Structure formats: structure tokens, C-alpha cells
Amino acid sequence: QVQLVESGGGLVQPGGSLRLSCAASSTIFSVYAMGWYRQAPGKQRELVATIPSGGSANYADSVKGRFTISRDNTHNTVFLYMNNLAPEDTSVYYCNAKRAFSTYWGQGTQVTVSS
């Protein structure tokens, strides 16, 4: 069982930046593929970015060039750096961990982009 705790959400103006963090409880964090997803009201949950245990990150087209995912395996943490935020980025952002047939989700953190 892996527990994921997100933090860093909040209210930001259009064009602003935020950094989301996700702390994982697993001592074998480094073997998990990690990801960020988001879900806006009335919409399905969608992938934002993923970063495997080894290899390159992948991004949704809507966030390429604005968001960056990274991981710190020493501290069992994955980050999502979000720049040039737009109102359409408003969502609850969820952290995700995957390994073999196991998938874990955090409780989510709200990001609201509004002037």
C-alpha cells in the first residue's frame, strides 16, 4: 500500500505559477511510475504528465512547454511545476503511482486560476 499526499494547490492569477508536491509513503518509491492527473467539474479525469522510474517524462499537449514534472527519489517526492497558468487549468490535481498491477491515488489538491 502506498499513501500519496499532495500539497501546493491554491488560487493564482492567469499567467502565474504554482508548484505541486506529492509525498509518497513507499520506501521503494523509485520503482514506481509517477504521474499527475486533473479533473475539472463535470469532466473526466485527464492525464497531465507522467514520469517513469527511468526514462523521459510525458505531457499532455495542453500543458507542454508550460508544466514540468520531476521526481526526487531520495525524498520520495514528485513535483509538478506549472507556469503561465490559464483559467482552463483550474481543476483538482491528483498524484498517481503505478507499479505492475497496482495503482494508487492521492486525495487531490485544488488549483484555481482566476483574476
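Screening F67 on (1) more than 17 Å from P14 (Cα to Cα); (2) touching a strand residue (DSSP E or B) at 6+ places or on another chain (Cβ under 7 Å); (3) of a type in the set (F, W, Y) shows it passes everything except condition (1).
Filter the range 17-38 down to the residues that are open to solvent by 50 Å² or more (accessible area, probe 1.4 Å), among the hydroxyl-bearing types (S, T, Y) and within 17 Å of T77 (Cα to Cα) and list them by number. S25, T27, S30, listed by residue number. For the range 61-79, does any single residue satisfy the condition of being touching a residue at least 60 places away in the same chain (Cβ under 8 Å), closer than 19 Å to S7 by Cα and surrounded by 13 or more Cβ atoms within 10 Å (Cβ to Cβ)? Scanning the range 61-79 turns up at least one residue that is touching a residue at least 60 places away in the same chain (Cβ under 8 Å), closer than 19 Å to S7 by Cα and surrounded by 13 or more Cβ atoms within 10 Å (Cβ to Cβ). Put simply, of A49, A97 the only residue that is farther than 18 Å from V12 by Cα and in contact (Cβ under 8 Å) with a residue 40 or more places away in the chain is A97. Candidates P41, P14, P87: the one that is free of Cβ contacts under 8 Å to residues at least 40 places away in the same chain and surrounded by fewer than 17 Cβ atoms within 10 Å (Cβ to Cβ) is P41.
The values are calculated or read from the model by the stated rules, or taken from the named source; none is laboratory data. Because the structure is a prediction, the values reported are computed rather than measured. Cβ sites come from the backbone with ideal geometry, for glycine too, and all protein chains shown count toward neighbours. SASA here: full protein model, heavy atoms, side chains in, ligands and nucleic acids out. Shrake-Rupley method; radii C 1.70, N 1.55, O 1.52, S 1.80 Å.
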